[in-house]
Amino acid sequence: MTVQYSELIQPERVHGSLYTDQDIFAEELQRIWYRTWVCVGHVSEVARPGDYVRKKVASQDVIMTRSKDGEVSLLLNRCAHRGNLVCEDQRGNSSTFRCPYHGWTYRNTGEMLGYPYNQGYGGKGKLSLGLGRVPRVDTYQGFVFASFAADGPSLKEHLGAAAGELDRLARLSPEGEIELTAGWLQHRAKANWKLLVENETDGYHPQFVHGSVFSVTGSHIGTLYSDKSTAVTRDLGGGHSENDLRPEFRKMEPMNWFGTSEARVPDYVAKMRALHGEQAEEILIEGAPHVMVFPNLFVAEISVFMINPVAVDETVQNVTAVQLKGAPEMNRRLLSQCIGSVGPAGMLLADDSEMYERNQRGVTARVPEWLDIRRGAHRERVDENGFRIGAANDETGMRGFWSHYRSLMEGEAQ
Amino acid sequence: MSGVAAQTGLDIREVEQFLYREARLADEHDYDGWEALWTDDALYWVPAGGDDTDPERQMSVIYDNRNRIATRIKQLKTGKRYAQSPPSNLRRLISNVEIVTVEGTDTVVGANFLVVESRERGTTMWAGRTTYRLRRAGDDIRLAYKKVVLVDSAQALFTLAFLI
Ligand code: FES
Ligand SMILES: [Fe+2]
């Protein structure tokens with residue numbers, strides 16, 4: 001099958017088959033998920049030597065480990081003998097893995113240590129086999145990324161301008177580091193992964209989908225995306241985009257971005273002021289980013305999401321609370337607010353997820369075939385740094401996503 | 001456990017009747033009736049990733065104090081909580097009811113449950129064991145604590161927006 005992506009992905013509309021076609025899904029795995037940089041976790045999840053945690057990259061079962069030298073590896077969970085899983089526990093601490101089937105053992109960097117009854121192989125050290133390794137692993141601000149392609153753009157090149165948004169998240173910590181140590185909620189949805197990504201970039205839906213919770217809590221979030229909002233949607237290039245809410249936050253008091261005030265988190269604010277001097281004001285006012293990093297990392301101020309495709313119509317969205325190193329007073333609040341908002345019972349995300357699923361059912365209808373992504377195209381402009389920006393509720397981010405998606409799907413396969 | 005019953009005035013039949021009523025109110029989306037069961041110091045907890053997590057440090061599916069229970073109920077009552085609008089069709093079975101212990105004025109009860117949820121996505125089964133803390137309030141019994149440990153708590157879960 002040869003799909004003409006240039007026909008399915010047009011500047012102002014995309015074809016419904018992109019969400020439902022099994023062959024396109026299979027091609028996405030090869031051209032996106034097993035090729036470009038995909039976020040799998042955070043170094044704080046394997047803080048100590050020997051720590052390991054199991055992760056997924058699409059259907060690939062991966063073990064993230066930390067060796068005694070402190071190096072983070074991503075190993076494929078597949079024994080070199082006959083392919084059994086070598087690691088059953090979701091997390092733990094061990095310098096080695098022992099396959100339960102016939103007892104082959106491996107170091108937590110993937111090298112083989114040994115095999116029982118070694119005369120069957122002519123003695124010790126005769127086999128040069130080990131666990132599979134994700135060819136390229138790199139980190140940025142502690143986020144661990146995997147690329148199954150042996151070469152290609154570096155992580156830095158891939159992240160491009162999105163890197164600055166992760167910096168903006170990290171600088172909220174008095175120690176300049178975030179941690180993802182609160183464990184993950186795994187939220188399953190019967191929807192194509194791209195419906196999740198598009199929704200993350202979508203500033204048009206909050207007033208409608210989340211009106212129920214905004215109305216009962218008196219939240220100001222809805223107004224950040226209203227027609228009067230001065231916030232902007234920015235296409236950061238490379239498929240990344242952000243809903244830059246800073247223009248609205250700058251009209252508010254420090255810490256209002258988090259729906260709180262200085263008086264409620266005095267230790268944190270004092271630490272930040274001592275550390276950053278005058279610049280603290282800007283950090284405490286501008287708060288955290290709202291950025292979608294292609295293809296699967298979404299930071300929504302206080303929550304970090306990692307999207308993982310399961311099937312053409314099924315996706316798992318993993319989510320955890322941002323924890324700021326050195327800010328226990330903030331961390332309790334971050335966790336509590338995150339739990340209330342996200343995951344299967346979250347007062348925000350359960351409704352988003354309902355929309356993903358209804359959207360998936362909707363796009364199976366035969367006509368009008370297309371999904372419209374033109375909102376705000378006529379009023380897009382270029383900001384002082386050369387990025388395309390639209391209004392708070394425009395589809396500028398979605399258009400950026402699709403243009404990068406198209407370039408990956410059309411480019412030379414690897 | 002007859003000693004326990006005498007001490008607290010909660011016998012197993014009363015406890016069961018309370019659990020069945022709570023289950024029916026949740027199944028039938030009687031939000032006001034369900035909310036009225038709770039005490040002011042209520043805690044409603046659905047852990048994720050096992051039953052021994054620290055909810056003050058780890059993510060939970062639900063970790064609601066009385067205030068947040070009220071918010072959750074208010075959101076459901078707007079009719080625009082889309083994850084429950086239209087509401088799921090629900091019926092649950094409660095069994096293996098045991099009075100575990102008595103702590104002060106609270107009777108701690110354990111019970112298994114199986115909920116069948118039907119909505120447009122399809123039919124989903126939710127099972128697990130619940131720990132309740134029940135407290136006598138005049139002629140009524142009130143719910144001070146409900147911890148719902150799903151057998152699937154370590155797996156990826158579909159949206160769970162009904163009252164579990
Ligand atoms: S499959 Fe692992 S030792 Fe045989
Ligand atoms: Fe949303």
Check your understanding: Is the shape of the range A:47-134 best called rounded, prolate or oblate, per the rule: a/c under 1.5 gives rounded, else a/b larger than b/c gives prolate, else oblate, with a ≥ b ≥ c the square roots of the Cα gyration tensor eigenvalues?
Key -> prolate
Check your understanding: Karplus couplings for the range B:146-156 from phi (6.51 cos²θ - 1.76 cosθ + 1.60, θ = phi - 60°), rounded to Hz, Gly and Pro as x?
Key -> 9, 10, 10, 9, 6, 4, 8, 4, 9, 9, 5
Revision key, fill the gap. Taking placed amide H atoms and a strict 5 Å upper bound, the residues 5 or more places from A:GLY114 or on another chain that come that close are A:THR105
Check your understanding: Two-decimal Rg/Rh of the range B:4-150 from alpha-carbon positions, Kirkwood Rh?
Key -> 0.96
Practice item. For every other residue with a beta carbon closer than 14 angstrom to the beta carbon of B:PRO47, add +1 if it is Lys or Arg and -1 if Asp or Glu, then tell me the sum. Key: -2
Practice item. Assign unit charges at the C-beta atoms only (+1 for Lys and Arg, -1 for Asp and Glu), then state the dipole size of the protein assembly as shown relative to its Cα centre in Debye, rounded to the nearest 20. Key: 960
Review point. Counting only Cα, what are the radius of gyration and maximum Cα-Cα distance Dmax of chain A, in Å?
Key: 22.5, 76
Study note, to complete from the structure: Which of A:GLY41, A:GLY122, A:GLY238 fluctuates most in a GNM of chain A (C-alpha springs under 10 Å)? That residue is A:GLY122
**Study point:** Whole-Hz couplings from phi, Karplus 6.51/-1.76/1.60, listed for the range B:25-31; x for Gly and Pro
**Key:** 4, 5, 4, 9, 6, 8, 5
Practice item. With a/c under 1.5 counting as rounded, go ahead and sort the range A:128-284 into rounded, prolate or oblate using the C-alpha gyration tensor (a ≥ b ≥ c being the square roots of the eigenvalues; past the cut-off, prolate if a/b is larger than b/c, else oblate). Key: oblate
Practice item. Would you pull out the residues with amide H under 5 Å of A:ARG375's amide H, same chain only if 5 or more places away, H placed 1.01 Å from N? Key: A:GLU395
Practice item. Would you mind telling me which residue in A:GLU278, A:GLU200, A:GLU329 has the biggest mean-square fluctuation in a Gaussian network model of chain A, where springs connect alpha carbons within a distance under 10 angstrom? Key: A:GLU278
Study note, to complete from the structure: Out of B:LEU25, B:LEU134, B:LEU93, a Gaussian network model of chain B with alpha-carbon springs under 10 Å gives the largest mean-square fluctuation to B:LEU93
Check your understanding: Over what distance in Å are the Cα centres of the range A:39-53 and the range A:131-166 separated?
Key -> 16
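Here, each number is a calculation from the coordinates, and none is a lab measurement. Owing to the predicted nature of the structure, the values given are computational and were not obtained by experimental measurement. Using ideal geometry, Cβ is built from the backbone for each residue, glycine included, and neighbour counts are taken over all protein chains shown.
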